[in-house]
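Report on the following structure.
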Amino acid sequence: MAKSKYKTDFRVIRDQEKCIKCQACVRMCSNDVHYYDPETDSIILQEEKCVGCHFCEDLCPTGAITVKREIPEIKFNQHWDSKDVYNIIKQAETGGVLLTGMGSDKKFKEYFDHIVLNASQVTNPSIDPLREPMELRTFIGRKPDNINDELPPQLVLETPIMFTAMSYGSISLNAQKSLAKAAFEFGTMWNTGEGGLHQELLPYAKNVIVQVASGRFGVDIDYLENAAAVEIKIGQGAKPGIGGHLPGEKVDQEISKTRRIPIGTDALSPAPHHDIYSIEDLKQLIFAIKEATRYKKPVGVKIAAVHNVAPIASGIVRAGADFVVIDGIRGGTGAAPTVIRDNVGIPIELAVAVVDQRLREEGIRNQASLIASGGFRSSADVIKAIALGADAVYIGTAALISLGCHLCQKCYTGKCNWGIATQDPYLTKRLNPEIGAKRSYNLLRAWSLEIKEMLGGMGINAIESLRGNREQLRGVGLTEIELKLLGIKHAGEAW
Amino acid sequence: MKEIINAEGLHYKELNEKIHNTLLKDSVDEIVLENVVGQRYIAAGLNKKVRFIINGTAGNDLGIFMDGAEIFVNGNAQDGVGNTMNSGKIVVNGSAGDVIGYGMRGGCIYIKKDAGYRVGIHMKSYKENFPVIVIGGSAGDFLGEYMAGGVIIVLGLYSDKLPVGDFVGTGMHGGSIYIKRKNIDERLLGKEVKTKDLSKEDMDLISKYVGDFCKYFSLEQKEILNENFIKLYPYSSRPYGRLYAY
Amino acid sequence: MKKIVAKEEYCMGCRLCEVYCATKNSKSKDIIKTFKSEAGKLLSAIFVEEKEHITFAIQCRHCEDAPCVYSCLTGAMYKTDKGVVLHNKEKCVGCWMCIMVCPFGVIKPDLNIKKIASKCDLCLDKEVPACVENCPNEALVIINK
């Protein structure tokens, strides 16, 4: 049987009228899609290597290149997608687990797109954010039961949006530097992920949440002391239940030094923390960290949104966590098995709603802040998540898109043309942290301004008043059980 | 200067508070804790070069995130001894529980008698930061799981049975495990691990750490070192290289 | 006097600075026309040096005591009172001594009309030099000395 040639996903179209053969595309493509043939004085394409990152398209000085999707087509079939067919072919050839990057791209109901916001009309006035102060300041941490009790340590955010955990190893130091600088300047937090805290990022430590994951990479007492808060990672939305995996290609000298593993070996984070086999063990680790840092900073826990997320979150709050991060099925990653990324977990909208509801019912909602994450695409998603019960949100994919990512989902190859998901020095140079910091700062600024506009439209002048305020939301085209789980009415129903 | 703290009737939070307040005095270089009955997190995150003498049973997560202190336990220790420890020394004159030295990054742990499951998981080393665990008795299943660096030595001094359990070194991709026996059943080993005989460097390494071990527990070094040891090592740094379709 | 400084840690080696400089120095000043019809007559005053992953762009440094000015036979190479080293095409006779003495190798032969030399003129007729303006990664910056 002849071996099947895995065909192209993308067509690269070169407008010969515009192409000046400057060869910038030839030099820059890390996948060697373009190459120059001096004999014929022309630039030839190897389209099957194109991953659709659009770097050449954006770089071309005359705009001569267009990258278009072309998934090889099979006969029209409602059940079998072309992608399914070609995935099986790939597995037949390699016998391996299909890997992918970024967040789930499967067709699940987008609950955010079925939720609409309120606006003030007549009964209470709108507030104009350009003329009146709007409070977006958010406090993350345990709130006391009584107003006279001492306040436990809090994180102060100038906007309810933070940069999520993306480890040094999965992304480049320049990418981390961009986000760290932007978070520092805007007054919000960024997260180290499980790859440790590189010393060049220490100037931004005032705004860092450090992660203690099962591999315990880079975790020592200085790491914990430098941080503003500590996050114990139990799971993430892209790959609930399995551990982290950084392919050996991406473990170079610097990664080896920061994570303390031999160069070229795969950096494996085991699935569970091997000292956490029950909720009591989690409580033990939370208090071990609190003891080690003398109760001076919030210690929280990050879990993936799974079926029983509500009682699990309740247990975590009772175990002493000061904040709980819930990562939905759309959460991104540098590398995960495709089947897990696309099929494991639940959407964040439902998870946030049920967790918030459950904690309120148990009377412990004040004991931990709730942070939602998992594929927020716009400030509208953010504001809806807050109205469903989150105190703040983490953005990951959106932050990387602001740095140049075009969601080609090939992060695990370490050949990211944008210099984001790679350690190759040829590629990481391309991400200038000064430009990256400006762009991600702009993203925070743009979304914060939009949130203010939407709040003003609702007649609310502080984000706190929107928190868990389900009355400001209505569902459109949702079933009764969905409305019940989200805790919102259907559009058309009044008070 | 030495300080004595009586742990009787104290919750771990109070005990650790007392320890920290005592350590605020620069002159204190040794603390003796009396009547310890399983209080947790003693010396958690401690990065001062002080010495602790613990009389009693040390509770869970003894010396977690520790960086440089020395702890001597006259009694048993529980789970999580030296969890994510960066440097320093923990000597337990008794047995210890599970998950010893999880994610350990440097320093030494000496256990006179037995240890539990999952000892030395994901130990890591980088250049001269090198963690070492020496166990005088036996260790349970999953010894050295996911090990990425450092050394584990299991002596099995108190019984003729094999001093390790199932799944030894499963997922190992760095470091070495030495067991004081002539041979070991291959079925017990993780699939990333192979055995080999010791070289002179290996023997020198073991002599050093076994020497320290004997010093702490007043045992005869010569007797222990006269028998065969086997070495377990990861034969592939990329045991999962063929697992994924790129 | 403004000075162009290369930041080698951000230079990608795309050589777009060379493209835009050549365009700016061309007759048509249009990027497509320059490369299609004036091919073979392209003159960039900036050059990307490359070794493995280290790349950066270099052009005339407008040296304080410029060897090219000193060795110019006709005075075509001259220093303005602001410190910029400029080249007068009319006076140039194409002896190319300047090319030989330049320690940076940033002066090049120009055979398009008559035999002369050519180098960076800091785009004095523009607000921002073409290379700085168009570097996609801000690896070229202007500083005022």
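Rounded to the nearest 0.05, the FRET efficiency derived from the C-beta distance between A:Lys18 and A:Leu151 at R0 = 51 Å is 0.25. Across the cross-link table entries A:Lys257/B:Lys200; B:Lys113/B:Lys196; A:Lys21/A:Lys106; B:Lys18/B:Lys180, which are compared at the Cα atoms, the separations over 30 Å belong to A:Lys21/A:Lys106; B:Lys18/B:Lys180.
Each residue was assigned an accessible area with a 1.4 Å probe, and for B:Lys112 the value is about 50 Å². Taking 18 Å as the straight-line reach from the Cα of C:Lys91, the aspartates and glutamates in range (excluding those fewer than 8 positions away in the same chain) are C:Asp110, C:Asp121.
Taking amide hydrogens as placed 1.01 Å from N in the peptide plane, the amide H of A:Val393 sits under 5 Å from those of A:Ile161, A:Met162, A:Ala372, each at least 5 positions away in sequence or on another chain. Distance from the alpha carbon centroid of segment B:1-77 to that of segment C:1-63 works out to 66 angstrom.
Just the protein heavy atoms count here, and of the accessible area of chain C at 1.4 Å, carbon and sulfur take up 54 percent.
Across C:Lys145, B:Lys194, the residue with the most accessible area heads the list, and the full order at a 1.4 Å probe is C:Lys145, B:Lys194.
Protein heavy-atom accessible surface, 1.4 Å probe, per residue over the protein assembly as shown: 43 Å². For the segment A:279-292, counting C-beta atoms of other chains within 10 Å of every residue's C-beta and taking the mean gives 5.
The convex hull drawn around the Cα atoms of the protein assembly as shown, when projected onto a plane and averaged over every direction, covers 48.2 nm².
Per the accessible-area calculation with a 1.4 Å probe, the total area buried between chain B and chain A rounds to 4000 Å².
A cut-off of 5 Å between modelled amide H atoms, ignoring neighbours fewer than 5 places along the same chain, links C:Asp110 with C:Ile116, C:Ala117, C:Ser118. When the distances between all Cα atoms of chain B are binned every 10 Å from zero, what whole-number percent does each bin get? All Cα pairs considered, the percentages come to 8, 33, 34, 17, 7, 1, 0. Within segment A:86-112, the residues that become at least 30 Å² less accessible when every protein chain is included than when their own chain is isolated (1.4 Å probe; DNA, RNA and ligands ignored) are A:Lys90, A:Thr94, A:Val97, A:Leu99.
Overall shape of segment B:95-234 was characterised from the C-alpha gyration tensor. The equivalent ellipsoid obtained from it has semi-axes of 19, 17, 15 Å, in decreasing order. Spin-label model, A:Asp222 to A:Gln121: label points 7 Å out along the Cα-to-beta-carbon direction sit 6.1 nm apart. Counting heavy atoms of the protein chains alone, B:Arg105 has an accessible area of about 10 Å² for a 1.4 Å probe.
Count Lys and Arg as plus one, Asp and Glu as minus one, and take only other residues whose Cβ is under 13 Å from that of A:Lys489; the net charge is then -1. Each label point was placed 7 Å from the Cα along the Cα-to-Cβ direction; for C:Lys79 and C:Val141 their separation is 2.6 nm.
Here r is the Cβ-Cβ distance between A:Tyr35 and B:Glu14 and R0 is 56 Å; the resulting FRET efficiency, rounded to 0.05, is 0.20.
Compute the accessible area of each residue in segment A:38-61 twice, once for its chain alone and once with every protein chain present, using a 1.4 Å probe on heavy atoms, and list those whose area falls by at least 20 Å². Hits at the 20 Å² cut-off: A:Leu59, A:Pro61.
Ranking A:Ile316, A:Ile261, C:Ala76 by Cα position along the charge dipole of the protein assembly as shown, where only Lys, Arg, Asp and Glu carry charges on their C-beta atoms, puts C:Ala76 farthest toward the positive end. For the segment C:53-59, counting C-beta atoms of other chains within 10 Å of every residue's C-beta and taking the mean gives 2. For B:Ser138, the residues whose amide H sits under 5 Å from its own are B:Asp114, B:Ala115, ignoring neighbours fewer than 5 places away on the same chain, with H placed 1.01 Å from N.
Under a Gaussian network description of chain C, with springs only between Cα atoms under 10 Å, the residue in C:Lys79, C:Lys119, C:Lys36 that fluctuates furthest is C:Lys36.
Only protein heavy atoms count here; on that basis, with a 1.4 Å probe, A:Arg318 has an accessible area of about 130 Å².
In order along segment A:88-104, the phi-based Karplus estimate (6.51 cos²θ - 1.76 cosθ + 1.60, θ = phi - 60°) of 3J(HN,Hα) comes to 5, 4, 5, 5, 5, 7, 10, x, x, 7, 6, 9, 8, x, 6, x, 4 Hz; Gly and Pro are listed as x.
Counting Cβ atoms of other protein chains within 10 Å of each Cβ in B:146-158 and taking the mean gives 2.
The calculated FRET efficiency for the pair A:Trp495 and A:Lys106, based on their C-beta separation and a Förster distance of 30 Å, comes to about 0.20.
Per residue, the protein assembly as shown reaches -7000 deg cm²/dmol at 222 nm when only DSSP H runs of four or more residues are counted, each adding -39500 (n - 2.57). For segment C:6-17, putting each phi into the Karplus relation 6.51 cos²θ - 1.76 cosθ + 1.60 with θ = phi - 60° gives couplings of 9, 9, 5, 6, 10, 6, 8, x, 7, 6, 6, 4 Hz, in residue order, rounded to whole numbers and with x for Gly and Pro. Modelled this way, with points 7 Å down the Cα-to-C-beta line, the labels at B:Lys182 and A:Arg69 are 6.7 nm from one another. Listed by chain and number, the aspartates and glutamates placed with their C-alpha closer than 18 angstrom to that of B:Lys191 are A:Asp266, B:Asp141, B:Glu145, B:Asp166; residues fewer than eight positions away on the same chain are left out.
With every protein chain in place and a 1.4 angstrom probe, the accessible-area ranking of C:Thr80, B:Thr84, largest first, reads C:Thr80, B:Thr84. Once the mean of 1/r is taken over each pair of separate Cα atoms and inverted, segment A:10-96 shows a Kirkwood hydrodynamic radius of 14.7 Å. Residue pairs exceeding 31 angstrom between C-alpha atoms, taken from A:Lys283/B:Lys49; A:Lys250/C:Lys119; C:Lys33/C:Lys126; B:Lys2/B:Lys124; B:Lys194/C:Lys51: A:Lys250/C:Lys119; B:Lys2/B:Lys124; B:Lys194/C:Lys51.
Residue by residue, segment B:4-9 carries 3J(HN,Hα) couplings of 10, 10, 8, 8, 4, x Hz when phi is fed to the Karplus relation 6.51 cos²θ - 1.76 cosθ + 1.60 (θ = phi - 60°); x denotes Gly or Pro. Electrostatic tally near A:Gly414: other residues with Cβ closer than 13 Å to its Cβ, Lys and Arg +1, Asp and Glu -1, net -1. Residue ranking by accessible heavy-atom surface, 1.4 Å probe, largest first, among B:Ser159, A:Ser172 comes out as B:Ser159, A:Ser172.
Spherically averaged projected area of the convex hull of Cα atoms, chain A: 27.5 nm².
The values are calculated or read from the model by the stated rules, or taken from the named source; none is laboratory data. Being a predicted model, the structure only gives us computed values, none of them experimental. Using ideal geometry, Cβ is built from the backbone for each residue, glycine included, and neighbour counts are taken over all protein chains shown. To get the accessible areas, we keep the full protein, side chains included, count just its heavy atoms, and leave off ligands, DNA and RNA. Shrake-Rupley method; radii C 1.70, N 1.55, O 1.52, S 1.80 Å.
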